[in-house]
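**Student:** Below is one structure. I have some questions about it.
Read the figures in this text as sums done on the coordinates, not as results from a lab. Here the structure is a predicted model, which means the values were calculated and not measured. Reconstructed Cβ throughout: ideal geometry from the backbone, glycine too, with neighbour counts over all protein chains shown.
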Amino acid sequence: MSGLVLLAAACGSSGSSSSGHASAGSSASSAAAAPAATSALCEDVAALRGSLQRLTSIKVSANTVTELKTGAQDVQSNLSSLSSAAGSQWSAQVGNLKSALTKLQTSVSTLATERNASSVSGVVTAIAAVATAGRQLLTAASARCPSASASPTPS
């Protein structure tokens, strides 16, 4: 039931280039800052994508609780960095992923104490929700960071 099909190139510098000349000093300084900001933002998107891929590739079992907790924390950390860098961009998608991560963490905690098929199933369902929310965020981010379009799929 596994099969992570994702492996996308990191968000590189092929993103965008300015196509106009600024007519005022403030426009020139913001235009000069835009590529660096976009590059940093794309790095955060790439980091999130990588952590989502690692999390969704974990084969869920009663013995992978620690790995699942670490994977979820990694995604949450990268999401926090991206959210800070992105400001209000993609706020709905960020909120959906945060919510899905909270549910996953609850399911993993249940699996840690109740090592049974129902708990494993709950984690698998929660990972699928994280993958869906992550895919939605990466799709939204792909307009700004084209290589963000790769999306996680649960294993």
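**Student:** Hey, could you get me the Stokes-Einstein D for region 27-149, Kirkwood radius over alpha-carbon pairs, 10 °C and 1.306 mPa s, rounded to whole µm² s⁻¹?
**Tutor:** Here the translational diffusion coefficient equals 106 µm²/s.
**Student:** Between Gln89 and Ser109, what is 0.36 nm times their sequence separation minus the Cα-Cα distance? Round to one decimal in nm.
**Tutor:** Extending this stretch completely gives an extra 4.1 nm.
**Student:** Excluding Val108 itself, calculate the net charge of residues whose Cβ lies under 12 Å from the Cβ of Val108, where each Lys or Arg counts +1 and each Asp or Glu counts -1.
**Tutor:** Charge balance near Val108 sits at +1.
**Student:** Given Thr125, Ser84, Gln105, which one lies farthest toward the positive end of the charge dipole of region 27-149, if we put +1 on the Cβ of every Lys and Arg and -1 on the Cβ of every Asp and Glu?
**Tutor:** Thr125
**Student:** Along region 74-91, what does the Karplus equation 6.51 cos²θ - 1.76 cosθ + 1.60 (θ = phi - 60°) give for ³J(HN,Hα), rounded to whole Hz, x for Gly and Pro?
**Tutor:** 5, 4, 4, 5, 5, 5, 4, 4, 5, 4, 5, 5, 7, x, 8, 4, 6, 4
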